[in-house]
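Below is one structure, written out as structure tokens; comments come after it.
The values are calculated or read from the model by the stated rules, or taken from the named source; none is laboratory data. This one's a predicted model, so the numbers in the text were calculated from it and none came from an experiment. All Cβ positions, even for glycine, are placed from backbone atoms using ideal geometry, and neighbour counts span all protein chains on display.
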């Protein structure tokens, strides 16, 4: 049984080819680019390479086969088509006729960094779709711009331009070809940050549900499963914990602390604080050496 190819450079070495365009090596901060002319390849050794790979067919007219697990796909690819291959996917490829391709390598770290800005929050599980052949004019245009920047004598600012084109590629993938599978763990983590940021601001169920794009019923179920309390009970508990910390760490008046953490006034804080901690805020603070009464 043939051994698996697990490195981009090893894949290049094992498959008959020549390089027609040298671009940057991929990293966590930028895409990698390489133009390759492949001969016929029918050996079909398994490959598992770390980055996502976009394959732009710059000159091709051949049936191409890709086997992932027990499923084999076949497509007739021609110049202008694109294959999308997710990172770390064990696969076997073969094709009949010589092809010229532009490979663009995107590290999962780079995709996640761009996605963080794209979604304006921490994304969930990002999955590039398995696509042996797609027709996508925007992707093809961006590949042509990459070739233009990298071919011939380098123009001033070519490196900056390639990084910018890489970000554009990733943004387009996120819009059209990547699923953002947000798990309940991701949702709860996102809500914890959301609740902690503006403790003094009003929050209601609709705001919390909208932040993680779920309905009120799903939101309530999440909090019952994770914390055995309702979402608003969780918000109140976080406010009380912040109030407790401020009472111990500062000498701010209790009325001001109440407003800072989202209670309507000092008596509102006092009522809930005593119910939760068994003492009034003033008594709690006094027992820790700051003699300020309610």
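What to note about this one:
- Residue satisfying condition, being within 15 Å of residue 64 (Cα to Cα), buried (at least 16 other Cβ atoms within 10 Å of the Cβ) and at pLDDT below 90, within set 92, 133: 92
- Some residue of the range 108-127 being in contact with a strand residue (DSSP E or B) (Cβ under 7 Å, 6 or more places away or on another chain), within 21 Å of residue 145 (Cβ to Cβ) and either modelled with pLDDT of 95 or more or in a strand (DSSP E or B) (or both): no
- Residues being closer than 20 Å to residue 46 by Cα and either modelled with pLDDT under 90 or surrounded by fewer than 19 Cβ atoms within 10 Å (Cβ to Cβ) (or both) - total across the range 96-107: 3
- Test: residue in the range 156-167 that is under 30 Å from residue 277 (Cβ atoms) and surrounded by fewer than 17 Cβ atoms within 10 Å (Cβ to Cβ): no
- Checking each residue in the range 1-27 for being over 21 Å from residue 100 (Cβ atoms) and either more than 32 Å from the chain's Cα centre (by Cα) or at pLDDT 90 or above (or both) picks out 1, 2, 27.
- Cβ-Cβ under 8 Å pairs, at least 6 apart or on other chains, the range 166-185 side not assigned by TED's automatic domain parsing to the domain that holds residue 134 and modelled with pLDDT of 95 or more, far side surrounded by fewer than 18 Cβ atoms within 10 Å (Cβ to Cβ) and part of a helix (DSSP H, G or I): none
- Filtering the range 30-44 to residues that are at pLDDT below 90 and either under 14 Å from residue 166 (Cα atoms) or assigned to a strand (DSSP E or B) (or both) leaves only 41.
- Some residue of the range 156-178 being within 22 Å of residue 52 (Cα to Cα), in contact with a strand residue (DSSP E or B) (Cβ under 8 Å, 6 or more places away or on another chain) and not in a helix (DSSP H, G or I): yes
- Within the range 179-205, the set of residues being under 27 Å from residue 128 (Cα atoms) and either in contact with a strand residue (DSSP E or B) (Cβ under 7 Å, 6 or more places away or on another chain) or in a loop (DSSP other than H, G, I, E, B) (or both) comprises 179, 180, 181, 182, 183.
- Answer from 275, 244 - the residue that is more than 16 Å from residue 199 (Cβ to Cβ) and out of contact with any strand residue (DSSP E or B) (no Cβ under 9 Å at 6 or more places or on another chain): 275
- Only one entry of 269, 208 meets the criterion of being in contact with a helix residue (DSSP H, G or I) (Cβ under 7 Å, 6 or more places away or on another chain), buried (at least 19 other Cβ atoms within 10 Å of the Cβ) and modelled with pLDDT under 90, and that entry is 208.
- Scanning the range 45-81 for residues that are in contact with a helix residue (DSSP H, G or I) (Cβ under 8 Å, 6 or more places away or on another chain), part of a strand (DSSP E or B) and touching a residue at least 60 places away in the same chain (Cβ under 8 Å) yields 52, 54, 56, 58.
Results for (1) closer than 29 Å to residue 213 by Cα; (2) without any contact (Cβ under 8 Å) to a residue 60 or more places away in the chain; (3) in the same structural domain as residue 29 (by TED's automatic domain parsing), shown as yes or no for each residue.
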| position | (1), (2), (3) |
| --- | --- |
| 98 | no, no, yes |
| 104 | no, no, yes |
| 107 | yes, no, yes |
| 110 | yes, no, yes |
| 115 | yes, no, yes |
| 118 | yes, yes, yes |
| 124 | yes, no, yes |
| 150 | no, no, yes |
| 155 | no, yes, yes |
